[in-house]
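Asker: Could you have a look at this structure, given as structure tokens, before my questions?
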Amino acid sequence: MANAEQALRWNGDTGRRWVAERERHHAVRRSLTPHLLRAAALAPGDRVLDVGCGCGETTIAAARSVGPGGAVDGLDLSAPALAVARESAAAAGVPGIRFVQGDAQTHPLAPAGFDVVLSSFGVMFFEDPDAAFANLRSGLRPAGRLAFLCWQDEASNEVFALAPRAVAAHATLPPGGGDGDAFTDPWRIGDLLVRAGFVDVRVEGRREPARLGSDVDDVLGYLRGTSRVRELLGRLDDQRTVERVLDALTEDLTARRRADGVWVEAAVWLVTAVAPPAGSR
Ligand SMILES: C[S@@+](CC[C@H](N)C(=O)[O-])C[C@H]1O[C@@H](n2cnc3c(N)ncnc32)[C@H](O)[C@@H]1O
């Protein structure tokens, strides 16, 4: 089975944590989602696929844009996230939404069944990205649009950079961890989409303020629960260095505190592409 490891993660601890932290994640994305929705340029009546829809915020926003004549499918591996998405859609009372559990890499999509495929941070986890984007393209009608957001690399993106920076100030870590071959390289993303048969491929940087949490303790607790920060701290030699790193992180977060929370600068790629028009395939 493709993406078996991701299916386990998003149906296990990672998925449960994602659901528990959904308000925080929503706050982090608040100024980013409008970039995605503008790029997707949804029109009344559009048929939309939201890939890796998670708890369904963008699915519901998309359904509002396409109106009662349109239809939006939210596709995700994660049963816990989809359960929340279904509840939220019912509470929002927006018609035309269907949530489907499945792997976007292999899920059978109706050929040319969608006008728009969009994703908010849901396309970075494919075991075989070539197969996945070819599958997504097959679901788009000729000249249908693809639009998604993904993160820039850890060093450029304060959502993920704070702890590695604090570690780097106090310890030299052996290479490893971090982005690795993560889905953050704009050239690689562009090449991938061209290989998958998309045209008019654009990968554009966007930076926005993002609220990481209510206060320093809240953000520190959140960061210490992430697998990346646990991994970083676990690689330090002794408790004294761990304490120095946590002090540096606390100092950095304190400097970012405002009356309404702790803010960082999020750096994302806004990626858009088009399925080839009829007659050019
Ligand atoms: C970082 S979360 C983003 C969720 C949501 N779009 C948001 O912006 O809050 C990534 C989502 O992608 C889903 N996902 C990961 N791999 C997937 C795959 N192969 N097919 C479908 N969904 C996948 C995960 O289950 C998770 O809900």
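Asker: Considering the dipole of the chain built from charges on the beta carbon (Lys and Arg +1, Asp and Glu -1) around the Cα centre, which of Phe126, Leu49, Ala255 is farthest to its positive end?
Answerer: Comparing the listed Cα positions along the dipole, Leu49 ranks first.
Asker: Next up: Taking 0.36 nm per residue of separation and subtracting the Cα-Cα distance, what length does fully extending Gln239 through Arg207 add?
Answerer: Values: separation 32, 0.36 × 32 = 11.52 nm, distance 3.53 nm.
Here the answer is 8.0 nm.
Asker: How many percent of Cα pairs in the chain exceed 33 Å? Let's see the in-between values first.
Answerer: On the way: 9159 of 39340 pairs.
Summing the P(r) of the chain above 33 Å gives 23 percent of all pairs.
Asker: In a Gaussian network model over the chain where Cα atoms closer than 10 Å are linked, find which of Ser120, Ser214, Ser138 has the largest mean-square fluctuation.
Answerer: Ser214
Asker: Restricting to DSSP loop positions (anything but H, G, I, E, B) with no more than 15 other Cβ atoms inside 10 Å of their own Cβ, which trypsin sites (Lys or Arg not before Pro) remain in the stretch 1-99?
Answerer: On the way: sites: Arg9, Arg16, Arg17, Arg22, Arg24, Arg29, Arg30, Arg38, Arg47, Arg64, Arg86, Arg98; in loops: Arg30.
In loop regions of the stretch 1-99 (DSSP not H, G, I, E or B), the sparsely surrounded trypsin sites (Lys or Arg not before Pro) are Arg30.
Asker: Something else: Quick check on the stretch 152-262: take the gyration tensor over C-alpha atoms, sort the square-rooted eigenvalues as a ≥ b ≥ c, and tell me if it's rounded (a/c under 1.5), prolate or oblate. All intermediate terms of the calculation are to be shown ahead of the outcome.
Answerer: Values: a/c = 3.11, a/b = 1.60, b/c = 1.95.
Oblate, since a/c reaches 1.5 and b/c is not below a/b.
Asker: Which semi-axes, in whole Å and largest first, does the equivalent ellipsoid of the stretch 187-235 have when worked out from the alpha carbon gyration tensor as the square roots of 5 times its eigenvalues?
Answerer: 36, 17, 7
Asker: Can you give the % of DSSP beta bridges in the chain that are antiparallel, to the nearest 5?
Answerer: Close to 50 percent.
Asker: For a protection proxy built on the mean count of beta-carbon atoms within 10 angstrom, sort 100-106, 167-173 highest first, please. Please report the intermediate quantities before stating the final value.
Answerer: Numbers: 100-106: 18.6, 167-173: 14.3.
Highest to lowest by the protection proxy: 100-106, 167-173.
Asker: Only counting other Cβ atoms within 10 Å, I'd like Met1, Met124 sorted with the fewest neighbours first. Don't jump to the answer; show the numbers that get you there.
Answerer: Details: Met1 8, Met124 16.
Listing Met1, Met124 from fewest to most nearby Cβ atoms yields Met1, Met124.
Asker: So if each residue of separation counts as 0.36 nm, and I subtract the Cα-Cα distance between Thr14 and Thr254, what length gain in nm does that give?
Answerer: Details: separation 240, 0.36 × 240 = 86.40 nm, distance 2.76 nm.
Using 0.36 nm per residue and subtracting the Cα-Cα distance, I get 83.6 nm.
Asker: Another question, then. Taking 0.36 nm per residue of separation and subtracting the Cα-Cα distance, what length does fully extending Thr106 through Ala4 add? Spell out each step's value before the answer.
Answerer: Details: separation 102, 0.36 × 102 = 36.72 nm, distance 1.18 nm.
Result: 35.5 nm gained on full extension.
Asker: Between Leu249, Leu140, Leu118, where does the largest GNM mean-square fluctuation fall for the chain, given springs only between Cα atoms within less than 10 Å?
Answerer: Checking each option, the largest mean-square fluctuation is seen for Leu249.
Asker: Separate question: Using the 10 angstrom Cβ neighbour count as an exposure proxy, how do Cys53, Cys150 rank, fewest first?
Answerer: Cys150, Cys53
Asker: Cα atoms only, the stretch 197-281: Rg and Dmax in Å?
Answerer: Cα only, the stretch 197-281: 20.0, 66 Å (Rg, Dmax).
Asker: At 222 nm, what helix-only mean residue ellipticity would the chain give, in deg cm²/dmol to the nearest 500, using -39500 (n - 2.57) for each DSSP H run of four or more?
Answerer: Numbers: 12 runs with 124 residues, N = 281.
That calculation yields -13000 deg cm²/dmol at 222 nm.
Asker: Answer rounded, prolate or oblate for the stretch 1-92, using the Cα gyration tensor with square roots of eigenvalues a ≥ b ≥ c: rounded when a/c is under 1.5, else prolate when a/b is larger than b/c, else oblate.
Answerer: Working: a/c = 1.88, a/b = 1.58, b/c = 1.19.
Cα axes put the stretch 1-92 in the prolate bin.
Asker: Could I ask something else about it? Which of the three applies to the stretch 73-227, rounded, prolate or oblate, going by the alpha-carbon gyration tensor with a ≥ b ≥ c and a/c under 1.5 meaning rounded?
Answerer: On the way: a/c = 2.24, a/b = 1.40, b/c = 1.60.
Oblate, since a/c reaches 1.5 and b/c is not below a/b.
Each reported figure results from applying straightforward, stated rules to the coordinates on display, with no laboratory input. In this text, all values refer to a predicted model and were calculated from it rather than measured experimentally. Heads up, the Cβs are rebuilt from the backbone with ideal geometry, glycines too, and the neighbour counts pull from every protein chain shown.
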